[in-house]
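Scroll down for the structure; my scribbles are underneath it.
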Amino acid sequence: MLVNLRGGSLLYGQQSPADHLEHAETFRDSNQWDSAVLYFKAAADGYLALGDVPSSIKARIQLNNARIENLQYLVADTALSALLRQALALRDLDQIDLAHVYDTKGKLNMAMGSFEEAVGTLQLALSIKRNLGLNNDDMGQTHFRLGDAWRSMGVTDSAMHHYHRALDVRERTYGKKSVEAALVWSNIAIIHRINGAQDQALKVYLRSDSIIVDAIGPDHAQRASVLNGIAIIYAQTARYPEALHYFKQLLAIDEQNLAEDSPLLAKTYTNLGILHELMGDLKSAQDWHKKSLAIKLKSFAPDNPNLIVDYQGLGVIMNHIGDVDQALLYMRQVVDMELKAYDHMDPRLGTSYNMLATSLERKGEHEQALDYLRKAEEIFVNSGNALIELGPLYHSMALIYQQRELPDSATVLAGKALETNLAFQPDHPHVAGNYILIGNLEMAKGNYEAALEHYRKAVRINLQIYGEKHHDVALAYASMAKALAASGQVEEALQNVDLALLAATTTFSPSAQINNPLPSETILPRTVAAILGTKGNVLLGKHKQGGDAQDLQDALLTFSRAIEMIDAAQFSYRSKGSVANLRAEYDQIYEHALATAYQLYRDTDDATYLETAFDFSEKNKSALLVAALNETRAKDFAGVPKELLVEEQDLKRNLSYFEQQLIAAISDNDKSLISELQNKIFRQKNNYDDLVRRIEKEYPQYHQLKYTAESASVENIQEYLKNDDGLLVEYFMGEENIYVFIIGVDHSDFMEIDLGDDFTNLLAQFRSSLTNGQGDIGDFYSHSRAMYDLLVSPIAPLLSTQHITFVLDDELGYIPFEVLMSESGEAKTDAGHTYLFQDHAISYAYSATSLFQYQQVADQKQETRFLAMVPNFNSRNDEGEAEAPNLLAYQDVVRGGLIDLKGAQREVRSLSAFFAGDQFEQEDAQESVFKRLAPAYSILHLATHAIIDDVNPLNSRLLFTIDGDTIDDGNLYAWELFSMNLNADLAVLSACNTGFGKIQKGEGIQSLGRAFAYAGCPSRLMSLWPAQDASTADIMEYFYRYLSEGASKDVALQKAKVSFLEKADEFNRHPFYWAGFVLQGDPQPLVKRSWTWIYILAGVLLSFFIYYRVNKGRSVRKVA
């Protein structure tokens, strides 16, 4: 009976159009849409061939209805537009057929998410039918679809009006207990649900379900929408087992009646994703949402409103696991899509504002979060949908005021949230969350009993809703533990911690105090890390109350497992910003772990505790940089093809570009551009994540190596230090103490330094006196000695080697330790003291692990060649922008003004005197030239100006000559460097502040120098303040001379500064003029000393000596 393909035409034998129509309707009624489409088309073509245009139009209406059901939206859209034009042009066309064209067009608008257009089209159909005097189910169907359209737009009054008109028609036509009437009641229930009348909605749903089951049985497809509604009501009222029961029935019906790629099936997957997230099963929730998106993206564009709920769901999941930046990406996309699809006062938009505010609050963007919450409040108050939405909104506001340390405002809003949520449903997760927040506020006031009372209420509600296994249950028990510990009830606190761990894990069962879960046993590693942090603190409290050493050891093991959980959480994140946030959020766990290890080390003198503490310190330092280096190593070892790496690099670069453009657009409040860029970022990020997942799947070794969290051990560092008999000194800054590790080739130590009350002020005074070249040098000497006494004097007896590498933490990164002054040894300054650099060659590292990894991935360079860039700034204004500069504004010799740098040419001349290479000056020193050539050189020397952005460090940039290129604009941004692959051994950033920037907790200073580290340069010479032009040129000349002679980089810089001071006048002896440049990274020499010529010379001398002795002996004997 079916088809042949001959010459491009379909042949159906001798069947008539009426036969084709009959077959098509049979296929339609059995949901065989592919065949239905074929036969409806054959019928339409057949009628047209016979000249029966009206019958052809009727068939085309049904054809396009079938196309819509078959998800052929674009084909249907084109065909319906043409059909509508044809129908309007036919004067003798039956008007009901024109109405049906509008009906079908409205149905397509709905399917494609064009709700406003659907309303307009369906109203045209309704108007025609009214003029025809219809009052049958044809009229009822249009009312029904108009109800759906208005509901989708959030206009519930209009939706309810049309549903009731449809209901009147259907009850009159089919009876009050008909399936047709029950389906209308089901949609009326949706309006009750939207308006917050959950109980009323559930009654209507259950009544409709009963009618349908009695009429056509429990497995019929027409029951699906009712089951969906019942399940949603149960989910919203926290009756999750009942919700799951109905969703499972719905899924069985959908899978039996719908195609695998049906958007209706995808909708059920979406709702299952939402339900599993509410139940705490985030892995299943994520899988359901991804299954839904995989279907929807076959039928809809990425910004279609039908995808909103899945994006929302994934955003909520990202918030739960702590990947806040990824959550923000989803939620901003959702808000942008809803602003385009819905009215600005639509309650759905208010819900999304609240979700977005939650992510912003987690990110610390409190003011922006409050702005969105106020918008949401206005929407909910105006909509009358107060109970179900306003409670969570006030809760979010209270959290923000708590974070901003405004407890009175937080308490008022938390009480308001509780009152609102209790009015909606007393035993709801929102109410439990309110009790925990109020308990936290009471804890902050020291009201431990009041806090415990609220926590107990939260535990009861969460257990009633979720049972024993859920992260909300875990957090409630953990809150109980904190309150009990604070009130001195340590054993009870430990019991509650065990209950929290039991709730937050899958298979773990606590059996002893020392027992802690593995990351593989957890639901949410981030949550378990917090609980283990609480347990560690409780054990420390127990030890202080008179416990034994075992409590201290158990605390250390607990903190160690908490840090393992943080590592596990980090590897689940796709956003680097979220990793940094995670490390900063849990910084106290690292500090408490270090303090515990130090106490055990001090009590036992067991080096194992030092090694453990060093591992903690390393895991807290530069996690993003270490991960980037680890990823590079993984790609090399796993053999990822070059074309995939290039594609990944392009995606990263484009993503970074769009992100920086978005920051600028937000600053300019360009709403249109913001929306456009958010869409681009969203698509680009999804493409990038898809590519990374593909690489991880196809190259499992890459995946294995990439997600290895091992830090360099003490033994690793000792092996590394053998290269130059060096010493590594690593600092960890806590709130009250600094912990210091001193690691040498054959020894190590671990110390604690009390910061005192005035450290912040002391550091500021030192920095101010150091960077003020016109200031009193006596003030500098005084502050330098004070900093030495605090930071170096306690470890001075251990500083016995020439080479020292300092790994600094937080604000310490702003200090060049070279200029700290001691009274020991021979006086080498006018002040009668000695600078630290005069006794030691000093370098710095972001972490010991990064140093060790650089050594592992180092390539053997064939030749040491330099690339030098000395641009001009003739086309820039004072801020570095592309305009004519005001040169009169800059008359000093500090590299802070945009004048051409006279010393820069001298730097390059000295560089070329000692090394081979290429230099580009003035108009030739272009950004595009640098990007193209830089990967081929081992020394990169950039003598230029830098523009530092303290607010957005990725926007800091080095300036090149402007060449009119629309892509490379003469600004080499930090974000561009992050996506570059450089092979240089050394990058010399001879510009202002290239080592200065904003501090990111746990990551260090976000400088341009750090960007070169990400790009693959193991060593960077960079400045901590504005560089002086002439002295910079002098120091660079000395530096390259000593480097060319085979000195290590740290020794070359040490000798360069010593040589400068030997010739400097009194004015230039101030450290401002010579101490600003520091060496960051691997200090190993660029030029390996060759001993060949020494061996040759020794051989020649030995031969001469033998010859001389032999001949001398002969002459003596002759004389004799």
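Here are some notes:
- Residues in the range 225-253 that are more than 36 Å from the chain's Cα centre (by Cα), surrounded by fewer than 23 Cβ atoms within 10 Å (Cβ to Cβ) and of a type outside the set (Ser, Thr, Tyr): Gln249, Ala252, Ile253.
- The set of residues from the range 84-113 being polar (S, T, N, Q) and either touching a Ser or Thr at 6+ places or on another chain (Cβ under 6 Å) or buried (at least 20 other Cβ atoms within 10 Å of the Cβ) (or both) comprises Thr104, Asn109.
- Every test in (1) surrounded by fewer than 16 Cβ atoms within 10 Å (Cβ to Cβ); (2) small (Gly, Ala, Ser); (3) without any contact (Cβ under 8 Å) to a residue 12 or more places away in the chain is passed by Ala450 save one, and that test is (1).
- Test for Glu361: is it at pLDDT 90 or above, in contact with a Leu (Cβ under 8 Å, 6 or more places away or on another chain) and either charged (D, E, K, R) or crowded, with 22+ Cβ neighbours inside 10 Å (or both): yes
- Residue list for the range 568-609, restricted to those being closer than 30 Å to Glu659 by Cα and among the charged types (D, E, K, R): Arg574, Lys576, Arg583, Glu585, Asp587
- Across the range 976-1013, the number of residues qualifying as modelled with pLDDT of 85 or more and in a helix (DSSP H, G or I) comes to 8.
- Pairs meeting the criteria (first residue in the range 243-255 and of a type in the set (Gly, Ala, Ser), second residue part of a helix (DSSP H, G or I) and buried (at least 19 other Cβ atoms within 10 Å of the Cβ), beta carbons under 6 Å, at least 6 apart or on different chains) are Ala243/Ala231; Ala243/Tyr234; Ala243/Ala235; Ala243/Leu275.
- Restricting the range 67-81 to residues that are in a helix (DSSP H, G or I), within 14 Å of Trp33 (Cα to Cα) and not charged (D, E, K, R), the residue that is modelled with the highest pLDDT: Ala76
- Any hit, the range 999-1013, residues being without any contact (Cβ under 8 Å) to a residue 60 or more places away in the chain and touching a Pro at 6+ places or on another chain (Cβ under 6 Å): yes
- Boolean, Gly433 is among the small types (Gly, Ala, Ser) and more than 29 Å from Ala580 (Cβ to Cβ): no
- Test: Glu730 is modelled with pLDDT of 90 or more and either part of a helix (DSSP H, G or I) or crowded, with 19+ Cβ neighbours inside 10 Å (or both): yes
- Among the residues listed as Glu927, Glu923, the single one being without any contact (Cβ under 8 Å) to a residue 60 or more places away in the chain, buried (at least 19 other Cβ atoms within 10 Å of the Cβ) and over 20 Å from Gln1006 (Cβ atoms): Glu927
Residue-by-condition table, conditions (1) modelled with pLDDT under 90; (2) part of a helix (DSSP H, G or I); (3) small (Gly, Ala, Ser); (4) in contact with an Asp or Glu (Cβ under 6 Å, 6 or more places away or on another chain):
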position: Ala215; (1), (2), (3), (4): no, yes, yes, no
position: Val226; (1), (2), (3), (4): no, yes, no, yes
position: Tyr234; (1), (2), (3), (4): no, yes, no, yes
position: Phe247; (1), (2), (3), (4): no, yes, no, no
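- Qualifying residue in the range 780-794 (condition: polar (S, T, N, Q), within 30 Å of Gln599 (Cα to Cα) and within 36 Å of the chain's Cα centre (by Cα)): no
- Contacts under 6 angstrom Cβ, first residue in the range 508-530 being within 22 Å of His320 (Cα to Cα), partner loosely packed, with under 15 Cβ neighbours inside 10 Å, 6 or more apart: Glu521/Thr506; Glu521/Thr507
- Qualifying positions in the range 106-157 - of a type in the set (Phe, Trp, Tyr) and either under 17 Å from Pro305 (Cβ atoms) or touching a Gly at 6+ places or on another chain (Cβ under 9 Å) (or both): Phe115, Trp150
Conditions tested, residue by residue: (1) surrounded by fewer than 20 Cβ atoms within 10 Å (Cβ to Cβ); (2) at negative phi; (3) modelled with pLDDT under 90.
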| position | (1), (2), (3) |
| --- | --- |
| Leu264 | yes, yes, yes |
| His276 | no, yes, no |
| Asp287 | yes, yes, no |
| Ser292 | no, yes, no |
| Ile321 | no, yes, yes |
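- Residue within the range 661-678 that is closer than 21 Å to Met337 by Cα and touching a Phe, Trp or Tyr at 6+ places or on another chain (Cβ under 8 Å) present: yes
- Selection within the range 591-639: residues that are among the hydroxyl-bearing types (Ser, Thr, Tyr) and buried (at least 24 other Cβ atoms within 10 Å of the Cβ). The member of this set that is modelled with the highest pLDDT is Thr596.
- Of the listed requirements (1) in a helix (DSSP H, G or I); (2) farther than 19 Å from Met397 by Cα; (3) over 18 Å from the mean Cα position of the chain (by Cα), Leu314 misses just one: (3).
- Close pairs (6 angstrom Cβ cut-off, 6 or more residues apart or separate chains): farther than 17 Å from Ser847 by Cβ in the range 1070-1084, assigned to a loop (DSSP other than H, G, I, E, B) and hydrophobic (A, V, I, L, M, F, W, C) anywhere: Gly1076/Leu1024; Gly1076/Trp1025; Gly1076/Ala1027
- Residue within the range 951-962 that is at pLDDT below 85, touching a Gly at 6+ places or on another chain (Cβ under 8 Å) and surrounded by 19 or more Cβ atoms within 10 Å (Cβ to Cβ) present: yes
- Matching entry among Leu71, Leu88, Leu124 (being farther than 22 Å from Asp19 by Cα, out of contact with any strand residue (DSSP E or B) (no Cβ under 6 Å at 6 or more places or on another chain) and touching a residue at least 60 places away in the same chain (Cβ under 8 Å)): Leu71
- The residue that is surrounded by the most Cβ atoms within 10 Å (Cβ to Cβ), among those in the range 182-218 that are farther than 16 Å from Asn228 by Cα and touching a residue at least 12 places away in the same chain (Cβ under 8 Å), is Gly196.
- Taken as a whole, the range 801-809 holds no residue that is surrounded by fewer than 19 Cβ atoms within 10 Å (Cβ to Cβ), outside the structural domain of Tyr1073 (by TED's automatic domain parsing) and either under 41 Å from the mean Cα position of the chain (by Cα) or of a type in the set (Gly, Ala, Ser) (or both).
The values are calculated or read from the model by the stated rules, or taken from the named source; none is laboratory data. Please read these numbers as outputs of a predicted model, since none were measured by experiment. Here the Cβ is made from the backbone with ideal geometry for all residues, glycine too, and neighbour counts use every protein chain on show.
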